[in-house]
1. So what's the projected area for the stretch 176-303, the Cα convex hull averaged over all directions, in nm²?
2. Using alpha carbons only, how many degrees (0 to 90, rounded to 10) separate the axis of helix 22-34 from the longest principal axis of the chain?
3. Where the centroid of each part is defined by its Cα atoms, how far is the stretch 209-224 from the stretch 307-325 in Å?
4. If we sort 351-361, 259-269 on the protection proxy, mean other Cβ atoms within 10 Å, highest first, what's the order?
5. Taking 0.36 nm per residue of sequence separation and subtracting the Cα-Cα distance, how much length would be gained by fully extending the chain between Asp216 and Val281, in nm to one decimal?
6. Hey, can you rank 245-255, 335-345 by average C-beta count inside 10 Å, highest first?
7. Specify the inter-centroid distance of the stretch 3-28 and the stretch 43-57, based on alpha-carbon positions, in whole Å.
8. Efficiency by 1/(1 + (r/R0)^6): what FRET value for Gln196 and Asn19, r their Cβ-Cβ distance, R0 = 56 Å, to the nearest 0.05?
Amino acid sequence: MDTRRWLETLIAFDTTSRNSNLALIETVRDWLKGQGVQAWLAHNPDRSKANLFATLPAQDGGEQGGIVLSGHTDVVPVDGQAWTSDPFALRESEGLLYGRGSCDMKGFIAAALALVPEFLSMPRRKPLHLAFSYDEEVGCAGAPVMLADLRERGIRPEGCIVGEPTGMQVVVAHKGINVYRCRVHGKAAHSSLTPQGCNAIEHAARLICHIRDVADAFKAKGPYDGHYDVPFSTMTTNLIRGGIAVNTIPEACEFTYEFRNLPGLAPDGIQREVQRYVDDVLLPRMRAEFPEARIELESGAAAPGLEASEQAAITQLVRALTRDTATRKVAYATEAGLFQGLGIPTVVCGPGHIAQAHKADEFVAMDQLAACERFLRRVGQSLQA
């Protein structure tokens with residue numbers, strides 16, 4: 001199948017992160033088997049989702065070294081978005097291909113799969129690997145499962161290209177992301193008897209304001225990296241829930257916050273500052289009102305930042321193939337930092353633009369897919385004897 005047909009096939013699977021991706025993964029696995037390529041799957045704990053890893057061996061059958069082409073199969077929800085066509089049916093108009101995931105990032109996967117027969121016919125001295133993950137959109141939860149299997153199997157690729165939408169330009173760094181859930185437990189009371197309660201919402205608000213103070217300090221004092229569109233680390237509270245009635249002191253409040261750290265800034269240090277405020281300031285204040293008050297902080301999604309080496313062979317190869325020498329860093333997170341953490345030098349380069357992702361009428365331009373095909377073909381050719 002060509003890239004357009006593959007994209008049509010992939011978009012037809014509703015792989016919103018809350019759903020299973022097995023139908024898509026098994027379709028790809030079975031097609032690869034028909035091409036003589038054996039893929040292995042790495043499942044989540046309840047086996048409702050899976051990563052896929054496949055190796056197109058070198059001409060001599062070797063499976064070590066080579067380059068990974070990496071993409072995630074899950075997509076964000078379409079709930080509440082005003083689509084002008086079925087988001088899970090590919091639509092073409094004026095050189096653009098519309099559908100959920102067309103840009104982020106089934107377009108890259110489609111191009112990689114379309115070229116598999118061509119890759120197999122090349123007299124490559126090194127292998128080419130395909131790595132397709134689940135649950136990237138909810139905090140890169142799937143890729144670590146696959147990478148753990150990769151380590152256990154002793155597979156050691158020499159480089160990785162993550163095909164997130166970059167307009168086919170080279171991205172050499174991105175921020176890390178860390179998500180935490182906070183649960184504040186106070187004491188309920190009738191609102192006319194305020195001193196008898198411990199207001200969980202009000203105390204949660206104090207912590208939220210402290211998080212904002214930390215964020216403001218990053219903005220005012222850095223550290224900075226001017227290559228990013230937002231050149232400092234950020235923190236923000238994005239979800240909150242609490243209370244049961246207007247005349248009841250709330251017993252519980254729960255909120256979720258995230259921070260996106262520059263790669264050189266340790267995320268543990270940022271979280272320690274939040275924990276310090278909880279332990280030294282907020283809990284003593286709450287327990288003066290209610291001795292059994294407590295605050296729970298739970299780590300959720302996390303993905304490390306990426307800082308690619310300009311000396312790495314994969315960086316130099318992708319720069320040469322794209323003729324792109326600019327230093328480009330982005331605030332959004334990808335799975336690239338996870339591959340780098342396994343000792344696999346990684347860069348980000350793929351079709352489409354992040355501005356078209358995650359919104360109604362998401363699209364990828366056909367000329368972007370054509371550019372991706374040319375690029376991936378040259379990647380394969382670079383592995384030839």
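1. Computing the convex hull of the Cα atoms and averaging its projections yields 8.2 nm².
2. Roughly 20 degrees between the two axes.
3. Rounded to whole Å, the Cα centres lie 33 Å apart.
4. Packing proxy ranking, top to bottom: 351-361, 259-269.
5. Values: separation 65, 0.36 × 65 = 23.40 nm, distance 1.93 nm.
Going from the current span to full extension adds 21.5 nm.
6. 335-345, 245-255
7. 14 Å
8. Efficiency computed from Cβ-Cβ geometry: 0.75.
Every number in this text was worked out from the coordinates using simple rules, so none of it is lab data. All of these numbers come straight from a predicted model, not from anything done at the bench. Cβ coordinates were reconstructed from backbone atoms using ideal geometry, including for glycine residues, and neighbour counts include every protein chain displayed.
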